[in-house]
Amino acid sequence: MIDVAVLFGGISTEHDISLKSADNVIRQLPRDRFRPVLIGIDRDGAWFHYTGDVDDVVTGAWEEHDCSPVVLIPGRGEGARGGFLELAAGEFSELPVDVVLPVLHGQGGEDGTVQGALECCGVPYVGCGVMASAVCMDKDASHRIAAAAGVRSPACEVLYRGASDEACAAVVERCGGFPVFVKPARGGSSIGVSKAADEAAYREALAQAFALDEKVAVEEAITGVEVGCAIMGDAVRGTEMGEVDEIVITGDGFFRIHLEKDPGANTELRCPADLPADVMARVRDAGRTVYEALGCSGFARVDLFVTPEGEVVFNEVNSTPGLTYYSRFPQMMRVAGRELGAVLAELIDAELAR
């Protein structure tokens, strides 16, 4: 049996989303080959080995029982072997882990910090590496790299907390004027994201975004439909893509799947996307180009826009996309004939082989 540490929770605003993703991952992981080792991170950043009922993961009740503190010990060779130690009954002992499956979203988990810690400790992990995770998380950096790789990107300007009124006004002009999207530069799941159509809405949007990140991205608002590419693999060994999906907004606002009490309440996910064959080919090509340009490996979801004229425009990359039962990445793979359990097994096998 392969011991797979499923890492969930975390310090970001996406803590609860991580719990939902982890719950689905734990249930889908093929138990004939893999033994899940549940490691939860609370909102303060403390790590625990959880041995209780899986049902308590998604509710957050896991923190209340059956928990033992765990730590990572640096070391990469036989003479200085690193890994997990568990504190139980006042003594530390090794917690056997063959590979880590990080199911962490947002800052402090999806941004390269945890990936760097695991590398320092010589622990194999599934998914994007340190650099790709950090770049994908930063909307400013990812836009610059995508554009350099030849994929059209929205005009994107950066403000830092404390920026002057003049600076705030200037970036709107450089993005072509209102409306603009205002986003925490290093966030996800639409948390803290606002569409501002006038000065008053813009000021409120900046306040919300700056409350979550000292760096804020102000983006040109692209008119078009949002599509996504679920991608596995890497530039060296080749990539595989699920079906492309399309977001259809059925209510007010923009795509907010993880923020609704009823997931997808204002949206419809159409998979495969309803696109002409030539546009679909360009979407797939752009998705792969961005994935490889940002150095992604393991798996990720590349989000793009398609304008009414058929132009493909980059939006963002989720280096650890949502893995809940209703999330886009599992659905895109499922429509392509790949269930999540089989996808997870392939990702784990590929990392261990590497």
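The values are calculated or read from the model by the stated rules, or taken from the named source; none is laboratory data. This one's a predicted model, so the numbers in the text were calculated from it and none came from an experiment. Neighbour counts run over all protein chains shown; Cβ positions are idealised from the backbone, glycine included. To get the accessible areas, we keep the full protein, side chains included, count just its heavy atoms, and leave off ligands, DNA and RNA. Shrake-Rupley method; radii C 1.70, N 1.55, O 1.52, S 1.80 Å.
Annotations
- Applying the set (1) at pLDDT 95 or above; (2) within 20 Å of the chain's Cα centre (by Cα) to ILE191 leaves exactly one unmet item: (1).
- Counting only helices (runs of 4 or more DSSP H) that fall entirely inside the stretch 124-197 and contain at least 2 residues that are open to solvent by less than 30 Å² (accessible area, probe 1.4 Å), over 16 Å from GLU292 (Cβ atoms) and of a type outside the set (Phe, Trp, Tyr), the qualifying elements are 139-148, 165-174.
- Index of the failed condition, GLU260 passing every other in (1) at pLDDT below 95; (2) open to solvent by less than 30 Å² (accessible area, probe 1.4 Å): (2)
- Pairs linking a residue in the stretch 101-129 that is without any contact (Cβ under 8 Å) to a residue 24 or more places away in the chain to a residue that is part of a helix (DSSP H, G or I) and open to solvent by 40 Å² or more (accessible area, probe 1.4 Å), with Cβ atoms under 6 Å and 6 or more positions apart or on different chains, are GLN115/VAL130; GLY116/VAL130.
- Evaluation of GLY109 against (1) small (Gly, Ala, Ser); (2) at pLDDT 95 or above; (3) open to solvent by less than 10 Å² (accessible area, probe 1.4 Å); (4) over 29 Å from VAL312 (Cα atoms) (one fails), failing number: (2)
- Among the residues listed as LEU19, LEU85, LEU38, the single one being in contact (Cβ under 8 Å) with a residue 12 or more places away in the chain and under 19 Å from the mean Cα position of the chain (by Cα): LEU19
- Filter result for TRP47 (aromatic (Phe, Trp, Tyr), open to solvent by 20 Å² or more (accessible area, probe 1.4 Å) and in contact with a strand residue (DSSP E or B) (Cβ under 6 Å, 6 or more places away or on another chain)): yes
- Residue in the stretch 288-311 that is without any contact (Cβ under 8 Å) to a residue 12 or more places away in the chain and open to solvent by 50 Å² or more (accessible area, probe 1.4 Å) present: yes
- Given (1) modelled with pLDDT of 95 or more; (2) surrounded by 19 or more Cβ atoms within 10 Å (Cβ to Cβ); (3) more than 30 Å from ASP32 (Cα to Cα), number of the condition ASP274 does not satisfy: (2)
- Selection within the stretch 114-123 - surrounded by fewer than 19 Cβ atoms within 10 Å (Cβ to Cβ) and in contact with a helix residue (DSSP H, G or I) (Cβ under 8 Å, 6 or more places away or on another chain): GLY116, GLU119
- Residue match in the stretch 190-198 (condition: in contact with a Cys (Cβ under 6 Å, 6 or more places away or on another chain), of a type outside the set (Lys, Arg) and either touching a residue at least 60 places away in the same chain (Cβ under 8 Å) or over 18 Å from GLY108 (Cβ atoms) (or both)): no
- Verdict on GLU78 being open to solvent by less than 10 Å² (accessible area, probe 1.4 Å) and at pLDDT below 95: no
- When residues of the stretch 16-44 are limited to those that are over 21 Å from MET333 (Cα atoms) and either in contact with an Asp or Glu (Cβ under 6 Å, 6 or more places away or on another chain) or β-branched (Val, Ile, Thr) (or both), the one surrounded by the fewest Cβ atoms within 10 Å (Cβ to Cβ): ARG35
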